[in-house]
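Visitor: This is the structure I want to talk about, given as structure tokens.
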Amino acid sequence: MAGVIARRAGKQRAFRWVVLILLGVFFALPMAAMVEFSTRTPGTWSLLADWSRLNETYPALAEGIIASLEQAALTALLMLVLLVPTAIWVRLRLPRLRRLVEFLCLLPLTIPAIVLVVGLAPVYAWVNYFVGGNSLTLVFAYTILVLPYAYRAIDAGLSAIDVNTLAEAARGLGAGWFTVMWRVVLPNIRSAVLSAAFLTVALVLGEFTIASLLHRTNLQVAIEFLGKSSATMSVAVSLTALLLAFVLLLLLSLVGSTRRVKK
């Protein structure tokens, strides 16, 4: 009996390794091909590491990188300002609206990006008229786009703690609602908030459809234009953006692991 169990465990271990190796090849092979292709033109990666030269050689790419970083930071900030207090308040004071808020936040997940653009186009026509065609106006569209992922992260953090007990204890000691949210609940969902922010940054850095169809500039649009003049540089920038997204997701995983270890 012990031999049968040992053989079965060995087969399962071998199967897991085969699956891991296949997945590793599936993801690593395209990235290796990107590295090989991007190094066919000498100086591509050194130019990418030298910001001043990059700005002089490819000003549109530098503009796209700056625009995407600003959009990612502002979208994360706007999402946190809108979503975190709302999610906490619904948990504490309006539990009957929780399903409705969840439905509204998850709704963008079911709508294709092209349909979102069709709906947002008339709105952005007015935005162009009043504010102008600045790329930072995409922050409003991106905030809607990241709602499903950010809401899930924050809701999971709130579900992991007893929000009502914490709030009642703080209120019993004389704390106001702002103090309850800022000094009692928020520190307990810090990892969930960070997860939501990381997911937001990763999504915004990889967004192309809305920016392209609304004629705005961001990193992905700049890469698409760059591909028409310098394929190797566009592949190098794409690989860098992909690795940055991997790093953000790795940080997200590490934050979650650290939180579980502390528990």
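Let's see how each residue does on (1) at pLDDT 90 or above; (2) of a type in the set (Asp, Glu); (3) crowded, with 16+ Cβ neighbours inside 10 Å:
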{"residue": "Val115", "(1), (2), (3)": "no, no, no"}
{"residue": "Leu120", "(1), (2), (3)": "no, no, yes"}
{"residue": "Trp126", "(1), (2), (3)": "no, no, no"}
{"residue": "Val131", "(1), (2), (3)": "no, no, no"}
{"residue": "Ala150", "(1), (2), (3)": "yes, no, yes"}
{"residue": "Gly157", "(1), (2), (3)": "no, no, yes"}
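Visitor: Being crowded, with 16+ Cβ neighbours inside 10 Å and more than 13 Å from the chain's Cα centre (by Cα): is that true of Arg190 here?
Guide: So Arg190 does not fit the description; no.
Visitor: Conditions: (1) farther than 22 Å from Ala73 by Cα; (2) in contact (Cβ under 8 Å) with a residue 24 or more places away in the chain. Glu168 meets all but one. Number of the miss?
Guide: (2)
Visitor: With respect to the numbered conditions (1) in contact with a Ser or Thr (Cβ under 9 Å, 6 or more places away or on another chain); (2) open to solvent by 90 Å² or more (accessible area, probe 1.4 Å), which one is the sole condition not fulfilled by Arg16?
Guide: Looking at each condition in turn, Arg16 falls short on (1).
Visitor: Shifting gears a bit: Checking Val84 against (1) under 26 Å from Leu239 (Cβ atoms); (2) at pLDDT 90 or above, which test does it fail?
Guide: (1)
Visitor: Considering only helices (runs of 4 or more DSSP H) fully contained in the stretch 1-115, which possess at least 2 residues that are of a type outside the set (Asp, Glu) and within 18 Å of Leu244 (Cα to Cα)? Steps first, please.
Guide: Details: elements: 2-38, 44-49, 51-57, 59-92, 98-110.
The qualifying helices (runs of 4 or more DSSP H) are 2-38, 44-49, 59-92.
Visitor: Restricting to the stretch 133-148, what's the tally of residues that are open to solvent by less than 60 Å² (accessible area, probe 1.4 Å) and assigned to a loop (DSSP other than H, G, I, E, B)?
Guide: The number of residues fulfilling the criteria is 1.
Visitor: Please find, within the stretch 201-211, the residue that is farthest from Thr143 (Cα to Cα) out of those that are open to solvent by 40 Å² or more (accessible area, probe 1.4 Å) and in a helix (DSSP H, G or I).
Guide: Once the filter is applied, the top-ranked residue is Thr209.
Visitor: When the residues of the stretch 23-81 are narrowed to those that are without any contact (Cβ under 8 Å) to a residue 24 or more places away in the chain and among the aromatic types (Phe, Trp, Tyr), which ends up surrounded by the fewest Cβ atoms within 10 Å (Cβ to Cβ)?
Guide: The qualifying residue surrounded by the fewest Cβ atoms within 10 Å (Cβ to Cβ) is Phe26.
Visitor: Just checking, which of Leu244, Leu239 is open to solvent by 30 Å² or more (accessible area, probe 1.4 Å) and under 25 Å from Tyr142 (Cα atoms)? Full working, then the answer.
Guide: Working: Leu239 fails: open to solvent by 30 Å² or more (accessible area, probe 1.4 Å).
After applying the criteria, what remains is Leu244.
Visitor: Being over 27 Å from the mean Cα position of the chain (by Cα), farther than 20 Å from Thr200 by Cα, of a type in the set (Ser, Thr, Tyr) and surrounded by 12 or more Cβ atoms within 10 Å (Cβ to Cβ) narrows it down to one residue among Thr179, Thr165; which is it? Give the steps one after another, and end with the answer.
Guide: Working: Thr165 fails: surrounded by 12 or more Cβ atoms within 10 Å (Cβ to Cβ).
When all the criteria are applied, what remains is Thr179.
Visitor: Mind listing whichever residues of the stretch 212-234 are hydrophobic (A, V, I, L, M, F, W, C), open to solvent by 30 Å² or more (accessible area, probe 1.4 Å) and closer than 18 Å to Pro42 by Cα?
Guide: Across the stretch 212-234, the qualifying residue is only Ala231.
The values are calculated or read from the model by the stated rules, or taken from the named source; none is laboratory data. For clarity, every value in this text was computed on a predicted model and none was experimentally measured. Here the Cβ is made from the backbone with ideal geometry for all residues, glycine too, and neighbour counts use every protein chain on show. Accessible surface is based on the protein model in full, side chains and every heavy atom, while ligands, DNA and RNA are left aside. Shrake-Rupley method; radii C 1.70, N 1.55, O 1.52, S 1.80 Å.
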